[in-house]
Amino acid sequence: MISAIIVNYGTGSLLPRLCARLKDEPLVEQVIVVDNKGDVPDNISGPNITLLRNQTNLGFARAVNDGLKAAKSPWLLVINPDVIPFPGSISTLFNGARQAGAAIAGPRFYWDEEKTFRLPPATGYSLCLKLLQTSGLARTAPWEGEHLAFEWALRHDRFWSAQAPFWEPFLSGACLLVNRECCPEPLFDERFFLYYEDADLCLSIRSKGLLTMCIPGAEMAHFWSQSPDPGTPKGSLMVESEKRFMEKYYGLQQLPAIFQCRSQARSLQPETIRLNAGSRPPVFQIPVDQAMPLYLEVAVERLFIPFAQAQVTGSSFTFPSKIWNKLPGGTYFTRLRTQAGYSLNMLWEWSKR
């Protein structure tokens, strides 16, 4: 019933385990690996595995479309090498998608196989959200930034509290189950070398009045950002894809000048606690007088749009070493939020070298 398409770029070491897991899924009758890097292990072979090798990196969208040409099944599973489905999750995803009448369906992701951190819904693209994030408005009028962060937290909470299949405006390209009868072929717009191809596909599907659904019972671990920069820094590729997306949907090649300013106005956020992490997982001290459960949330920017979330108890929380070992270098922010929805007056900033 399902042909799985995996695009490899510098993630060859992750492929054997994912292919083995897919082999155990009764609905997956074909696995197609499209290699953009040349580091696929020799043991990735078998009667139900098709390996397509590209001489150069053609980009993610093009590689998926090439894999689609070899797919034999009426349903497609586009899945990243750094994703591991929990046992039975693909069957749950398939059954949920059919029952909900979804053209595209996606799972919910954890950051680790121990299910410590819950990952956010796909951000997709919203020009209104982008304008507020990019402009100085969230800093000049800090309550605007607070309101924006509040709206995102509500979306995150809804995403993880749902028990039945529910509509999501955007789904993550890390794993998409696609009904070929409803979706275009080729699947992705190849003008997007990397990034935004999934947001573009979801908008295309929604414009036809079809459903993009999340299936709560389908759960997977997504180790996040495990492939290396493909010759060009990923940040630059994201900027270029965003420009193409804006031009396609808004007729804009860049944001208006009024939204490119940045203010240094005082924020409503608490004073930052800087942790000296660097080469080892950070440890966060938790207020012990809190009667209600707390969520520790990690983001790459101060507005926490989006964030990963772990429930914490006790007087301290050590960032999991299994996530730390795979974590890309950079600066991160952490806060504590209650089940009632408000953040405690604590904000940590830390880095990984």
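Only the coordinates and a few stated rules stand behind these numbers; no lab work does. Quick caveat, the model's predicted, so the values are computed rather than measured. FYI the Cβ positions are ideal-geometry reconstructions off the backbone, even for glycines, and counts take in every protein chain you see.
Miscellaneous remarks
- Charged neighbours of Y342, selected by a Cβ distance under 12 Å, balance to +1 (K, R count +1; D, E count -1).
- The relative contact order of the stretch 272-352 comes to 42 percent, based on Cα pairs under 8 Å that sit 6 or more residues apart.
- The Cβ shell under 14 Å around R21 holds other residues with a net charge of -3, Lys and Arg each +1, Asp and Glu each -1.
- Global form of the stretch 1-126, assessed from the alpha-carbon gyration tensor, a/c cut-off 1.5: rounded
- Annotation: amide H-H contacts under 5 Å for L252 (H modelled 1.01 Å from N, sequence separation of 5 or more, or interchain): E247.
- 10 °C / 1.306 mPa s Stokes-Einstein diffusion coefficient of the stretch 272-352, Kirkwood radius on C-alpha pairs, µm²/s: 123 µm²/s
- Contact order relative to length of the stretch 4-125, as percent, for alpha carbon pairs under 8 angstrom and 6 or more apart: 28 percent
- Note, ³J(HN,Hα) from phi for the stretch 35-47, Karplus 6.51, -1.76, 1.60, rounded to Hz, x at Gly and Pro: 9, 9, 10, x, 10, 6, x, 5, 7, 7, 7, x, x
- Under the convention that each Lys and Arg Cβ holds +1 and each Asp and Glu Cβ holds -1, the size of the dipole of the stretch 116-194 around its Cα centre is about 180 debye.
- Of (1) 28, 52, 18, 2; (2) 26, 45, 27, 2, 0; (3) 28, 59, 13, 0, the label for P(r) over Cα pairs in 20 Å bins from 0, in percent derived from the coordinates: (3)
- For S73, the residues whose amide H sits under 5 Å from its own are S3, ignoring neighbours fewer than 5 places away on the same chain, with H placed 1.01 Å from N.
- Around G59: net Lys/Arg minus Asp/Glu count, Cβ-Cβ under 14 Å: -4
- Loop-located GluC sites (Glu not before Pro) in the stretch 64-154 whose Cβ has at most 16 other Cβ within 10 Å (DSSP): E113, E114
- In the chain, Cα pairs under 8 Å separated by at least six residues give a relative contact order of 19 percent.
- Legend: residue pairs K23/K322; K130/K208; K37/K130; K322/K352, Cα-Cα distance threshold 22 Å; pairs beyond threshold, K23/K322; K130/K208; K37/K130.
- Under Karplus coefficients 6.51, -1.76 and 1.60, residue-wise ³J(HN,Hα) of the stretch 318-334 in Hz, glycine/proline x: 9, 4, x, 5, 5, 6, 4, 5, 9, 6, x, x, x, 9, 10, 10, 9
- The stretch 231-247 and the stretch 1-69: distance between their alpha carbon centers, rounded to Å: 25 Å
- The stretch 162-201: C-alpha gyration tensor shape, a/c 1.5 cut-off, then a/b vs b/c: oblate
- Cβ-placed point charges (K, R +1; D, E -1), dipole of the chain about Cα centre in debye, nearest 20: 340 debye
- Taking amide H as placed 1.01 Å from N in the peptide plane, the amide H of V7 sits under 5 Å from that of V34, I79, each at least 5 places away or on another chain.
- Whole-Hz couplings from phi, Karplus 6.51/-1.76/1.60, listed for the stretch 179-187; x for Gly and Pro: 7, 5, 5, 9, 10, x, 10, x, 6
- Loop-resident GluC sites (Glu not before Pro) (DSSP state other than H, G, I, E or B) in the stretch 161-227 with no more than 12 further Cβ atoms inside 10 Å of their Cβ: E181.
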